[in-house]
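Trainee: Please find one structure pasted underneath; my questions will follow.
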Amino acid sequence: MPFPLNLEDLLGHWESYLVSLAIGIAFGVVLEVAGFGDSRRLAAQFYLGDMTVLKVMFTGIVVAMVMVFAASAVNLLDFNLVWVNPTYLWPGIVGGLIMGVGFIIGGFCPGTSLVSAATGRLDGLFFAIGAFFGIFVFGETVGSFEDFWYSSYEGRYIIPEFLNISTGATVVILVLFALFAFAFAEQMERIFGGADLKKAPKWRFGAAGTLLASAVVVMLIGQPDTDDRWNTIKDEKAPMLANRDVQVQPGEVLALMRDDRINLILLDVREEADFNLFHLLDAVNIPADKIPNHLKDFRAKSANTVFMVISNDEKAATEVWKTMVSESVPNVYLLEGGINNWITVFADADFKTATPVESRADDALAYAFTSALGSRYSMANPNPDVFQLEYTTKVKLQAARGGKSGGCG
Amino acid sequence: MTVQGSIKKLVRIPTRSATGGKREARAYLNPYLAGILLGVVLFSSFFLTGNGLGASGGMNRILVWGQDTLVPDHVDRTAYLLEMAGGETNPMDSWVVFVMLGVIVGGFTSGWLNGRFKIETNRGPHVSVKMRWMLAFIGGAFMGYGARMARGCTSGQALSGGAVLSVGSWAFMFAVFAGGYALAYFVRRLWH
């Protein structure tokens, strides 16, 4: 899944914004040729005689939607890395209502007012100045209703999750919804605007059919699951396991535990019983089969986050590593030799001689614990000055690619 | 626009903004065709960068950049502004600023090439020029305030979030239309 590109690595930090500039120019051209520089044309939407706004917007949305999920279906685009505006339901609805009022009074939305001003329209210019003023007032007043502004937060929450149907089915339903809206809009234009539908171009039926057919194809292919994702990246990632590039030695983990610049997450994927017997200080316990429920949270962590997956040996940790890497979580590593190796390195001699388990299954504890003391062992948080360990550094922070902040971040 | 030239035959919408200037303004593009182009631009943005489009976010950051230049202490004491411009953080260091600048450049270029650039004030027949400016400012202020409350404007929330199926973006989109339609009847004299 080569896209979205890591533009910062490819072009450099500021240079990568040239791509955004080019996209912005194309966006400005499209808004202008659609006639969105003219406030009368925009406001007409609300008097039903000219539904250009609805047609352009919905066409843009469903065309982009079909293309995004088609690219994702064929493993070209990693949808996990595409920014989805987080849902803050009520602030969004209240803000939307306020914007609707501003739209009908002022005749623009922020983007179109810029196009309007750029083509010489003074009303567009005054609207843009007003928008700056509104933004300024918001920045100064949001502190007084911050609880509301952060309320009803659902994070990255998409319609397929809301309706509990597949992404492909959602795409088809939304295309049908848009086509229905267009038919409705054309009737409104006929009734209220006196438009002659016979004069409207015939190719729009062909375009509608093509769009719907594409949506159905996207639905039939389906979106890739974790196994599909692993199969597309296997050739690149499996050698990293074989070469032991991602199995981090205990000495490095110990150093990372004391590195304040790194947000180290010690992800203990063993069953709770084993975790209760003994775990590293500050480790979080998420059993391997529960990991898929947390991937969204993992992807949302700060850029300096390093995940260290831990099992008794390496088997479960390796599987979880594959899952997390397949699902686009950055900076995932696993503890070399797992908990058993950790104990071998850091436990005192008495413990090791007193408690070995004679015969055991792979990925089971190699030492017997008489009580569930969790991290209340000195080996849960060893003193690095006592253990002067040598190790090969494996952890390298990778800059995350993909969408960083929303349309208005 | 050569694209538009070749497409012109397909478009049968009459010219809506007669400029009266020397060069005749070309007709606007068919709305569906403009929508398809918009969809391709939006997809390209997601495909290449992982981000959608935006406008008010860029305006926000330019404003905060101004505030940070004039009253840096105030910025450092206001949580909302701090996030964008606290201490050494450069508020202009964001893709959305460049998309916004692009919109201005693209809008101007297209308007100019199509003979649609004109210094004028578009208004309803019963509204004076000064009244229209005032209403535009007031509408803009509502729009700017609402856009920040909703964490995005028509471009950043409705278009971008809508295309990637965000629940909040779709709820937002219906709210914008609802707000507009609810008030439209009462302010019809502004436009008719």
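Rundown of residues vs (1) part of a loop (DSSP other than H, G, I, E, B); (2) within 7 Å of another protein chain (Cβ to nearest Cβ); (3) more than 17 Å from A:Phe27 (Cβ to Cβ); (4) of a type outside the set (A, V, I, L, M), yes/no style:
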{"site": "A:Asp50", "(1), (2), (3), (4)": "yes, no, yes, yes"}
{"site": "A:Met57", "(1), (2), (3), (4)": "no, yes, no, no"}
{"site": "A:Val66", "(1), (2), (3), (4)": "no, no, yes, no"}
{"site": "A:Phe69", "(1), (2), (3), (4)": "no, no, yes, yes"}
{"site": "A:Val84", "(1), (2), (3), (4)": "yes, yes, yes, no"}
{"site": "A:Pro91", "(1), (2), (3), (4)": "no, yes, yes, yes"}
{"site": "A:Val94", "(1), (2), (3), (4)": "no, yes, yes, no"}
{"site": "A:Ile98", "(1), (2), (3), (4)": "no, yes, yes, no"}
{"site": "A:Phe103", "(1), (2), (3), (4)": "no, yes, yes, yes"}
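Trainee: For the range B:89-111, check the following and say yes or no: at least one residue is in a loop (DSSP other than H, G, I, E, B) and crowded, with 22+ Cβ neighbours inside 10 Å.
Mentor: yes
Trainee: Right, something else. Among residues belonging to the range A:105-143 that are of a type in the set (D, E, K, R) and in a helix (DSSP H, G or I), point out the one that is surrounded by the most Cβ atoms within 10 Å (Cβ to Cβ). Steps first, answer last, please.
Mentor: Quick first cut of the range A:105-143, residues of a type in the set (D, E, K, R) only: A:121, A:123, A:140.
Narrowing further to those that are in a helix (DSSP H, G or I): A:123, A:140.
Values: A:Asp123: 29, A:Glu140: 14.
In this case the residue turns out to be A:Asp123.
Trainee: Condition (residue is more than 7 Å from every other protein chain (Cβ to nearest Cβ), within 28 Å of A:Leu197 (Cβ to Cβ) and touching a Lys or Arg at 6+ places or on another chain (Cβ under 8 Å)) applied to the range A:71-81: is it met by at least one residue?
Mentor: No, there is no match, as no residue in the range A:71-81 is more than 7 Å from every other protein chain (Cβ to nearest Cβ), within 28 Å of A:Leu197 (Cβ to Cβ) and touching a Lys or Arg at 6+ places or on another chain (Cβ under 8 Å).
Residues checked against (1) under 25 Å from A:Leu48 (Cα atoms); (2) among the acidic types (Asp, Glu); (3) over 18 Å from the mean Cα position of the chain (by Cα):
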site: B:Met143; (1), (2), (3): yes, no, no
site: B:Met149; (1), (2), (3): no, no, no
site: B:Gln157; (1), (2), (3): yes, no, no
site: B:Leu165; (1), (2), (3): no, no, yes
site: B:Ser169; (1), (2), (3): yes, no, no
site: B:Gly180; (1), (2), (3): yes, no, no
site: B:Ala184; (1), (2), (3): yes, no, yes
site: B:Val187; (1), (2), (3): yes, no, yes
site: B:Trp191; (1), (2), (3): yes, no, yes
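Trainee: Can you name the residue in the range A:237-266 that is more than 22 Å from the chain's Cα centre (by Cα) and over 15 Å from A:Phe307 (Cα atoms) and, of all such residues, is surrounded by the fewest Cβ atoms within 10 Å (Cβ to Cβ)?
Mentor: Looking at residues that are more than 22 Å from the chain's Cα centre (by Cα) and over 15 Å from A:Phe307 (Cα atoms), I get A:Ala242.
Trainee: Taking only the range B:128-167 into account, find how many residues are more than 7 Å from chain A (Cβ to nearest Cβ) and assigned to a loop (DSSP other than H, G, I, E, B).
Mentor: Selection size over the range B:128-167: 1.
Trainee: Something else: Given the criterion of a type in the set (A, V, I, L, M), modelled with pLDDT under 85, under 29 Å from B:Lys118 (Cβ atoms) and surrounded by fewer than 23 Cβ atoms within 10 Å (Cβ to Cβ), identify the matching residue among B:Val40, B:Val3.
Mentor: When all the criteria are applied, what remains is B:Val3.
Trainee: Answer yes or no as to whether B:Ser56 is within 15 Å of the chain's Cα centre (by Cα) and within 7 Å of another protein chain (Cβ to nearest Cβ).
Mentor: yes
Trainee: Out of the residues in the range A:179-200 that are surrounded by fewer than 14 Cβ atoms within 10 Å (Cβ to Cβ) and not in a helix (DSSP H, G or I), state the one that is nearest to the other protein chains (Cβ to nearest Cβ).
Mentor: Step by step, filter the range A:179-200, then rank; the result is A:Asp196.
Trainee: To continue, here is another question. Among the numbered conditions (1) under 15 Å from A:Val395 (Cα atoms); (2) in contact with a strand residue (DSSP E or B) (Cβ under 7 Å, 6 or more places away or on another chain); (3) surrounded by 20 or more Cβ atoms within 10 Å (Cβ to Cβ), tell me where A:Pro330 comes up short.
Mentor: Failed condition: (2).
Trainee: Next up: Which is within 30 Å of A:Gly222 (Cβ to Cβ) and either within 11 Å of chain B (Cβ to nearest Cβ) or among the hydroxyl-bearing types (Ser, Thr, Tyr) (or both), of A:Leu176, A:Leu163?
Mentor: Of A:Leu176, A:Leu163, the one residue that is within 30 Å of A:Gly222 (Cβ to Cβ) and either within 11 Å of chain B (Cβ to nearest Cβ) or among the hydroxyl-bearing types (Ser, Thr, Tyr) (or both) is A:Leu163.
Trainee: Same structure, new question: If I filter the range A:293-303 for residues that are surrounded by fewer than 19 Cβ atoms within 10 Å (Cβ to Cβ), in a strand (DSSP E or B) and touching a residue at least 40 places away in the same chain (Cβ under 8 Å), do I get at least one hit?
Mentor: no
Trainee: In the range A:201-224, what residues are part of a loop (DSSP other than H, G, I, E, B) and either surrounded by fewer than 12 Cβ atoms within 10 Å (Cβ to Cβ) or in contact (Cβ under 8 Å) with a residue 40 or more places away in the chain (or both)? Show your work before the answer.
Mentor: If we filter the range A:201-224 for residues that are part of a loop (DSSP other than H, G, I, E, B), which is where we start, we get A:201-202, A:222-224.
If the condition is that a residue be part of a loop (DSSP other than H, G, I, E, B) and either surrounded by fewer than 12 Cβ atoms within 10 Å (Cβ to Cβ) or in contact (Cβ under 8 Å) with a residue 40 or more places away in the chain (or both), then A:Lys202, A:Gly222, A:Gln223, A:Pro224 are the ones that fit.
Trainee: Being among the small types (Gly, Ala, Ser) and surrounded by fewer than 18 Cβ atoms within 10 Å (Cβ to Cβ) is the filter here; which residues of the range A:267-287 pass it? Working first, answer last.
Mentor: We begin by selecting, within the range A:267-287, every residue among the small types (Gly, Ala, Ser); these are A:273, A:283.
Answer for the range A:267-287, where residues must be among the small types (Gly, Ala, Ser) and surrounded by fewer than 18 Cβ atoms within 10 Å (Cβ to Cβ): just A:Ala273.
Trainee: Moving to a separate point now. Check off (1) buried (at least 23 other Cβ atoms within 10 Å of the Cβ); (2) at pLDDT below 90 for A:Asp350 and give me the number that stays unchecked.
Mentor: (1)
Trainee: Just checking, how many residues over the range A:306-319 are without any contact (Cβ under 8 Å) to a residue 60 or more places away in the chain and crowded, with 19+ Cβ neighbours inside 10 Å?
Mentor: Final tally of qualifying residues: 8.
Trainee: What do you reckon, is A:Phe27 more than 7 Å from chain B (Cβ to nearest Cβ), out of contact with any Cys (no Cβ under 7 Å at 6 or more places or on another chain) and either over 20 Å from B:Gly54 (Cβ atoms) or touching a residue at least 12 places away in the same chain (Cβ under 8 Å) (or both)?
Mentor: Numbers: more than 7 Å from chain B (Cβ to nearest Cβ): no; out of contact with any Cys (no Cβ under 7 Å at 6 or more places or on another chain): yes; either over 20 Å from B:Gly54 (Cβ atoms) or touching a residue at least 12 places away in the same chain (Cβ under 8 Å) (or both): yes.
Considered against the rule, which asks whether it is more than 7 Å from chain B (Cβ to nearest Cβ), out of contact with any Cys (no Cβ under 7 Å at 6 or more places or on another chain) and either over 20 Å from B:Gly54 (Cβ atoms) or touching a residue at least 12 places away in the same chain (Cβ under 8 Å) (or both), A:Phe27 comes out as no.
Trainee: Residue by residue through the range B:89-123, note down the ones that are modelled with pLDDT under 90 and over 24 Å from B:Gly54 (Cα atoms).
Mentor: none
Trainee: Across the range A:168-195, what is the number of residues that are closer than 30 Å to B:Arg148 by Cβ and in contact (Cβ under 8 Å) with a residue 60 or more places away in the chain?
Mentor: 4
Trainee: Within the range A:144-152, can one find any residue that is modelled with pLDDT under 95, out of contact with any Cys (no Cβ under 6 Å at 6 or more places or on another chain) and more than 16 Å from B:Arg151 (Cβ to Cβ)?
Mentor: yes
Trainee: Before we move on, is B:Thr78 touching a Phe, Trp or Tyr at 6+ places or on another chain (Cβ under 9 Å) and surrounded by 16 or more Cβ atoms within 10 Å (Cβ to Cβ)?
Mentor: no
Trainee: Of everything in the range B:124-137, what is in contact with a helix residue (DSSP H, G or I) (Cβ under 6 Å, 6 or more places away or on another chain) and closer than 16 Å to A:Phe103 by Cα? Give them in sequence order.
Mentor: Of everything in the range B:124-137, those that are in contact with a helix residue (DSSP H, G or I) (Cβ under 6 Å, 6 or more places away or on another chain) and closer than 16 Å to A:Phe103 by Cα turn out to be B:Gly124, B:Arg132, B:Trp133, B:Leu135, B:Ala136, B:Phe137.
Trainee: Still on this model: Within the range B:79-123, take every residue that is of a type in the set (Gly, Ala, Ser), more than 9 Å from chain A (Cβ to nearest Cβ) and touching a helix residue (DSSP H, G or I) at 6+ places or on another chain (Cβ under 6 Å) and give me the one that is farthest from B:Gly66 (Cα to Cα). Reasoning before the result, please.
Mentor: First, pick out the residues of the range B:79-123 that are of a type in the set (Gly, Ala, Ser): B:79, B:85-87, B:94, B:102, B:106-107, B:110-111, B:115.
Pick out the ones that are also more than 9 Å from chain A (Cβ to nearest Cβ) and you get B:85-87, B:115.
From the residues that got through so far, the ones that are touching a helix residue (DSSP H, G or I) at 6+ places or on another chain (Cβ under 6 Å) too are B:85-86.
Numbers: B:Ala85: 10, B:Gly86: 13 Å.
Selected residue: B:Gly86.
The values are calculated or read from the model by the stated rules, or taken from the named source; none is laboratory data. Only a predicted model underlies this, so the values are computations on that prediction, with no experimental measurement involved. Every residue, glycine among them, receives a Cβ derived from its backbone with ideal geometry; neighbour counts consider all protein chains shown.
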